[in-house]
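Only one structure is covered here, and it is reproduced in the block below.
Coordinate-derived values only; no laboratory data. Since the model is a prediction, treat every value here as computed from it, not as a measurement. Reconstructed Cβ throughout: ideal geometry from the backbone, glycine too, with neighbour counts over all protein chains shown.
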Ligand code: 2DC
């Protein structure tokens, strides 16, 4: 296909803003599976980097089309279209971003093997630009090289080691129980035996309450109905921060700052509020710690733990704690919203999960830590949710050595993106991808490099274990106590606001069992 005709079809795609996913929700069948080799014997020879299909020669045209047609909101669907057009690998250049995009799990495996000891994903420049602007330090997410590694190793111990998960469970469980009583009260109040609402803001509160209890060992009482304007401002600012990041992804941040554009101003204002609130929480915990009010024998949160360990400079601890607090709100709450929506659409899956949870409860006497270990189907349901509704549209790595992908030579230092959203919806990779079917993770075949919702390797999501535990505990209690239904049976589409989120509010209905 010529580049000219791509341009034409691309703009017609961008033009029909809301019909993108309707027109082509899933892949057309095409041979880009990993097993049935798409390379015929005639093209077994290694092909050069410049032979990769794609639009990479038109970068500024692409950037302009992207910007003008608000294409970025549909970046996930556009990637699906591109894989359909070019096959399982293509090269793209949008503005100053030059990347190779892949979709197959086997190729993702090759990429992650070549990530080196200082793996790097695509940098979110606007977030770095804010910190440079305010002279704040980068946390572990934004660091690279030796400094990243030092912070990451210390934080790993405090955040993702199995011993730590044990300590998080009671802190998270009490927040979940508060959510359950809030829901029960709402059901009572309605007089109709059900609570029907867009749960977004309740889930934001649940997520912020959870992350604060884990980080600071401190309850905010957001689910007790206390009006807390500071926390609400924090929640709203995280949403604005994400929203204002995506339009700046393809524009050099230095440029935005110099023209003092509206998005840049919104972005700075949002981070200012996030930093202010995080700082307040950090200072409070820090004082309590030094006054001996945080017990050194009993676990009282990640911040106190890091202070006690004394392995990182205070500024670096603060920077990473701020990132964790901001990163722990929209990510888990949106995923919970998606899973409840899927369970409402698939009542039989919901029934199976309820059965598993009740059996686990009987077997373990209801001890949350034990229960977490005996709900394989629920864990599979979470993987299945992240397959259809990943938080991150892609995973990215810079190659640390020359590699070969689909017979193309990929030079060292190339940015390669795994199209995570596209992978999850490809019929070549997942049989009947449109079906929400958690069992697929338990039965047949290989799941080799298919469960990538939290990334892979030493640079995977550092909040992974916390997020998983938080969401599983939430689901264990909510599914036990309520029947989940929805009044929105038409497909809820996805939109890109840096993270992937529902395009429209989802009304969910909770009924007591
Ligand atoms: C966005 O093209 C699309 O977990 C870009 O909790 C590539 C890209 C790079 C990094 C990704 C980002 C995407 C989506 C949001 C992610 C981020 C890394 C971490 C971040 C996936 C895919 C997130 C949501 C963190 C955010 C923490 C932050 C608020 C301090």
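Once the mean of 1/r is taken over each pair of separate Cα atoms and inverted, the range 355-501 shows a Kirkwood hydrodynamic radius of 17.6 Å. Rounded to the nearest 10 degrees, the inclination of helix 125-134 to the longest alpha-carbon principal axis of the chain is 50 degrees. Once the chain from residue 279 to residue 230 is taken as fully extended at 0.36 nm per residue, the excess over their C-alpha distance is 16.4 nm. What ranking do 423, 340, 128 get, fewest neighbouring Cβ atoms within 10 angstrom at the top? Ordered by Cβ neighbours within 10 Å, fewest first: 128, 340, 423. Taking each residue as 0.36 nm, the span from residue 272 to residue 407 lengthens on full extension beyond its C-alpha to C-alpha distance by 43.9 nm. Between the helical axis of 464-481 and the longest alpha-carbon principal axis of the chain there is an angle of about 60 degrees. The distance linking the range 382-438 with the range 116-182 is 23 Å (Cα centroid to Cα centroid, whole angstrom). Modelled label positions at residue 185 and residue 367, each set 7 Å beyond Cα in the direction of Cβ, lie 3.2 nm from each other. Subtracting the Cα-Cα distance of residue 265 and residue 359 from 0.36 nm times their residue separation leaves 28.6 nm of extension gain. Using a/c under 1.5 as the rounded threshold, could you call the range 247-357 rounded, prolate or oblate? The axes a ≥ b ≥ c are square roots of the C-alpha gyration tensor eigenvalues, and prolate needs a/b larger than b/c, oblate otherwise. Oblate, since a/c reaches 1.5 and b/c is not below a/b.
Seen from a random direction on average, the alpha-carbon convex hull of the range 114-233 projects onto 10.9 square nanometres. Percent of Cα pairs in the chain per distance bin of 10 Å, from zero to the largest separation: 3, 18, 29, 28, 17, 5, 1, 0. Along Cα→Cβ, 7 Å out, is where each label goes; now give me the distance between the ones at residue 198 and residue 46 in nm to one decimal. That separation, rounded to one decimal, is 5.4 nm.
Assuming R0 = 51 Å, what is the FRET efficiency of residue 314 and residue 513, from their Cβ-Cβ distance, to the nearest 0.05? Rounded to the nearest 0.05, the efficiency is 0.60. Each label was represented as a point 7 Å from its Cα along the Cα-to-Cβ direction; for residue 352 and residue 97 these points are 3.6 nm apart. For the chain, the longest principal axis of the alpha carbon atoms and the long axis of helix 162-190 meet at an angle near 80°.
For the chain, adding -39500 (n - 2.57) for each run of n ≥ 4 DSSP H residues and dividing by the number of residues yields -17000 deg cm²/dmol at 222 nm.
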